[in-house]
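The values are calculated or read from the model by the stated rules, or taken from the named source; none is laboratory data. This one's a predicted model, so the numbers in the text were calculated from it and none came from an experiment. With ideal geometry, Cβ positions are generated from the backbone for all residues, glycine too; neighbour counts draw on all protein chains shown. These area figures cover heavy atoms from the full protein model, side chains too; ligands, DNA and RNA do not enter into them. Shrake-Rupley method; radii C 1.70, N 1.55, O 1.52, S 1.80 Å.
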Amino acid sequence: MGTINLSRNTRLLILGGTGQAAALAGAALARFGGGLRVTSSLAGRTSRPAALAGDVRVGGFGGAAGLAKYLADEGVHMVIDATHPFAAAISAHAREACDALDVPRLTLARPAWRKQPGDRWIEVDDAAGAARALAGRGRAFVTIGIKDLEPFAGRPCLVRLIEPPVEPLPHQIITGRGPFTVAAEKQLFIEQRIEVLVTKASGGAATRAKITAARALGLAVIMIRRPPQEPGPRLRDIPAALDWIEGKLTTKTPRHQAG
């Protein structure tokens, strides 16, 4: 489909911080041209985020009320929530703010991993449950982010983070940013004598290799379930999200821009 010439400066806010969100920003600008102003919002948890197409803002909004004020002040026409599946707070704030202002909102949800033959998953509800499930299982490879590590204090863990922690942690730390390969993950597990993987049910392709590597090596995987997802329209791929944007270009003006 060719570029659409928009009659006015239409604003799209992408709640991002994921590879899928970054790809969406570039694809939206490529498809709709300069008439669509795309802003990607990042939480600011990493000091060196990847380059993004369009405008970028970094930092929180101050809850649902702060996000609603931002949408009104900036004249945002539509919002796509492409955050991490475990970013429950910002997703809830987006629903509340968009509902209050009648701003169209879409969730771009990365597909969940599906259990395959040979997988040895132990599913738990949270990090504390994952730490309890480690009892007697030996050295763990933990890939759940820095915010949820407290329950693992005192346990033999190798922890992978996107960047080094500001404060020392009571674990062996390695850093890396996906995508990873199955071969590299298998080599890491073998060299580090990993006996169990602890991860979140994040889904997507960038970090799926560790799941495949664990299956190949016969390792147990302690999998933290996704939190409940916000209601509303939900799509899984970028082309469908672009079609959703196009469909909103001819719909009614959001309440905060009417009159």
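Measuring between their Cα centroids, region 166-195 and region 69-105 lie 34 Å from each other.
Please compute the per residue accessible area over the chain with all protein chains in place, 1.4 Å probe, rounded to a whole number of Å². It would help to have the intermediate numbers written out before the result.
Working: 12770 Å² over 259 residues.
Accessible surface, normalised per residue, equals 49 Å².
Across the accessible surface of the chain, with the other protein chains kept in place and a 1.4 Å probe, carbon and sulfur atoms take up 52 percent.
At full extension, Arg193 and Glu74 could sit 37.7 nm farther apart than now, given 0.36 nm per residue minus the alpha carbon distance.
Grab the beta carbon distance between Ala216 and Val58, set R0 = 51 Å, and tell me the FRET efficiency rounded to 0.05.
Details: r = 38 Å, r/R0 = 0.75.
My answer for the efficiency is 0.85.
Under the criterion of Cα pairs below 8 Å and six or more residues apart, the relative contact order for the chain equals 21 percent.
Projected onto its three principal axes, the C-alpha set of region 1-151 covers 63, 36, 29 Å, listed from the longest axis down. Note that the chain carries a Kirkwood radius of 19.8 Å, evaluated over its alpha carbons pair by pair. Rounded, prolate or oblate: which one fits region 160-231, using the alpha carbon gyration tensor with axes a ≥ b ≥ c (rounded when a/c is under 1.5, else prolate when a/b beats b/c, else oblate)? Oblate, since a/c reaches 1.5 and b/c is not below a/b. For the chain, the longest principal axis of the alpha carbon atoms and the long axis of helix 19-32 meet at an angle near 20°. For region 123-242, the square roots a ≥ b ≥ c of the C-alpha gyration tensor eigenvalues yield an a/c of 1.5 or more together with a/b exceeding b/c, which makes the shape prolate.
Okay, helix-only estimate at 222 nm for the chain: each DSSP H run of n ≥ 4 adds -39500 (n - 2.57), divide by all residues, round to 500 deg cm²/dmol; what do you get? Let's see the in-between values first.
Details: 7 runs with 77 residues, N = 259.
Rounded to the nearest 500, it is -9000 deg cm²/dmol.
Given axes a ≥ b ≥ c from the Cα gyration tensor, I'd like to know whether region 23-106 is rounded (a/c under 1.5), prolate (a/b larger than b/c) or oblate.
Working: a/c = 1.71, a/b = 1.17, b/c = 1.46.
Verdict is oblate for region 23-106.
Candidate cross-link partners of Lys115 among the aspartates and glutamates, defined by an alpha-carbon separation under 13 Å and a same-chain spacing of 8 or more, comprise Glu123.
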